[in-house]
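*Asks:* Handing you this structure, nothing more for now.
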Amino acid sequence: MATIERHSGLWRVLDEQRQVIAEAPVLVLANGLGANGLLASGRGEVPWPLTAVRGQISSLATDGHPATLPCPRLPVAGGGYVLPQTGGRLLFGATSQPDDIDPALRDADHRLNLQQLAGLSGGDVEAWSSLPWQGRVGWRAVTSDRLPLIGAVPDLEALDRTSRADQPRFVPRQRDARGGLYVFTGLGSRGITWAALGGQLLASWISGAPCPLEADLRDALDPARYALPRWRSDS
Ligand SMILES: Cc1cc2nc3c(=O)[nH]c(=O)nc-3n(C[C@H](O)[C@H](O)[C@H](O)COP(=O)(O)OP(=O)(O)OC[C@H]3O[C@@H](n4cnc5c(N)ncnc54)[C@H](O)[C@@H]3O)c2cc1C
């Protein structure tokens, strides 16, 4: 998806050749760090303060090394985390590096993951450091206040005409009775943890069903918090 636009009351997503991929009354930007780009392609709104934080996880084959590697029955988290072995591999991590766009796996990061694994399990890094390993690099979408962005996208043009905008809940939105534009991103390091409750919150935004969260917490996750005059004057 390259751009979004509103057309005849529907939200459209278009490819690079401006061919329509899909259109619907409701559009949810649930594309991680790409949400700002799509939002800017629509009406050029002020993007959210999203930072890309690189993370590398490691995995080791457990076959042939059962005595030296920990075998937790449940996920263990603290300084890092380790998951119960799956498919003959132990998965653990992770590193955290803001503004680091390097997609390559790094030995130094694997060693840091081994140190975190040792801290969690009491094992010996040196005994594991010669084992062949695999890994994966990804990027977390992190907001400046470390909370997700879940809700209807603010309408900044209408906001400028609004006398009361001291709380997110009073900020006008890009939606009407037929549908609207929503966002679900900024999940940082906790997207898997947040997904189910975040999905319920988003559904309540779209459908008008009772909110699963109290009002203060809904405000804290509201993408309109960054549209408030006090934040815009600070940025
Ligand atoms: C190393 C690492 C370890 C982690 N460990 C944990 C953990 O233990 N527990 C936990 O809860 N979370 C963890 N996380 C965080 C979790 O992975 C994220 O919070 C979660 O993946 C965010 O989900 P998302 O769908 O919002 O974004 P993403 O997973 O980033 O998915 C967004 C998708 O949108 C696609 N996209 C972007 N722009 C466009 C476009 N214009 N058109 C079409 N598609 C587009 C992207 O290609 C991507 O597939 C970890 C993250 C990393 C990097």
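*Asks:* Condition first: polar (S, T, N, Q) and in contact with a Phe, Trp or Tyr (Cβ under 8 Å, 6 or more places away or on another chain). Can you find one or more residues in region 147-165 that meet it?
*Replies:* Taking every residue of region 147-165 in turn, at least one turns out to be polar (S, T, N, Q) and in contact with a Phe, Trp or Tyr (Cβ under 8 Å, 6 or more places away or on another chain).
Yes/no per residue for (1) within 16 Å of the ligand (Cβ to nearest atom); (2) in contact with a helix residue (DSSP H, G or I) (Cβ under 8 Å, 6 or more places away or on another chain):
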site	(1), (2)
GLY138	yes, no
ILE150	yes, yes
GLN167	no, yes
ASP176	no, no
VAL183	yes, yes
SER189	yes, no
TRP194	yes, no
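*Asks:* Hey, another quick one. Considering only residues that are surrounded by fewer than 17 Cβ atoms within 10 Å (Cβ to Cβ) and assigned to a loop (DSSP other than H, G, I, E, B), which ones fall in region 82-95?
*Replies:* Selection gives PRO84, GLY87, GLY88.
*Asks:* If you take the residues of region 105-162 that are assigned to a loop (DSSP other than H, G, I, E, B) and on the phi > 0 side of the Ramachandran plot, which of them is surrounded by the fewest Cβ atoms within 10 Å (Cβ to Cβ)?
*Replies:* Residues of region 105-162 that are assigned to a loop (DSSP other than H, G, I, E, B), as a first pass: 105-106, 122-124, 129-132, 144-148, 153, 155, 160-162.
Subset that is on the phi > 0 side of the Ramachandran plot: 122, 146.
Numbers: GLY122: 8, ARG146: 10.
Here the answer is GLY122.
*Asks:* Checking THR62 against (1) away from the ligand (no atom under 13 Å from the Cβ); (2) touching a Phe, Trp or Tyr at 6+ places or on another chain (Cβ under 9 Å); (3) open to solvent by less than 30 Å² (accessible area, probe 1.4 Å), only one condition comes out false. Which one?
*Replies:* With respect to (1) away from the ligand (no atom under 13 Å from the Cβ); (2) touching a Phe, Trp or Tyr at 6+ places or on another chain (Cβ under 9 Å); (3) open to solvent by less than 30 Å² (accessible area, probe 1.4 Å), THR62 is out only on (2).
*Asks:* So, in region 163-174, exactly how many residues are buried (at least 17 other Cβ atoms within 10 Å of the Cβ) and touching a Ser or Thr at 6+ places or on another chain (Cβ under 9 Å)?
*Replies:* So the answer is 2.
The values are calculated or read from the model by the stated rules, or taken from the named source; none is laboratory data. Everything numeric in this text was worked out from a predicted model, so none of it was measured. Reconstructed Cβ throughout: ideal geometry from the backbone, glycine too, with neighbour counts over all protein chains shown. Calculation scope for accessible area: heavy atoms of the full protein, side chains included, ligands and nucleic acids excluded. Shrake-Rupley method; radii C 1.70, N 1.55, O 1.52, S 1.80 Å.
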